[in-house]
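Read the figures in this text as sums done on the coordinates, not as results from a lab. A quick note: this is a predicted structure, and the numbers were derived from the prediction, not measured. Every residue, glycine as well, gets a Cβ built from its backbone with ideal geometry; the counts of neighbours run over all protein chains shown.
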Amino acid sequence: MIPEFKVGDGVSYGYGSDSYPYTVRRVSPSGHKLWVSRDRPFKGVFVPQDVPEKDWVCFTRRRDGQYREANKSYARQHALTKGREFYLDPSF
């Protein structure tokens, strides 16, 4: 099932075994592209931050239905998932 995202949704982006919280800023009319910005920590939680549009990161829906960062290979990146989550793997 392909997740549907809307502006303001909290999402997580994994890199390796780490996970970082982002907020959806814009969704293309077709739903194939999402622009997100990284959240910032505030008293133990992560909240959206106001950043210029030029700093938003674009994700595209791939053939497998997963959203991955545009213009990047699959090598080390994970799919964007719903829900804000922050995790740093202590084993590295």
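In what order do Ser28, Ser91, Ser37 fall by count of nearby beta-carbon atoms within 10 Å, going from fewest to most? Mind dumping the intermediate values first?
On the way: Ser28 12, Ser91 5, Ser37 19.
Ordered from fewest to most neighbouring Cβ atoms within 10 Å, Ser28, Ser91, Ser37 come out as Ser91, Ser28, Ser37.
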Could you tell me the largest-minus-smallest coordinate of the C-alpha atoms of the chain on each of the three principal axes, in descending order and whole angstroms?
36, 29, 26
For the chain, the count of lysine pairs 8 or more apart or interchain whose alpha-carbon atoms are under 25 Å apart comes to 11
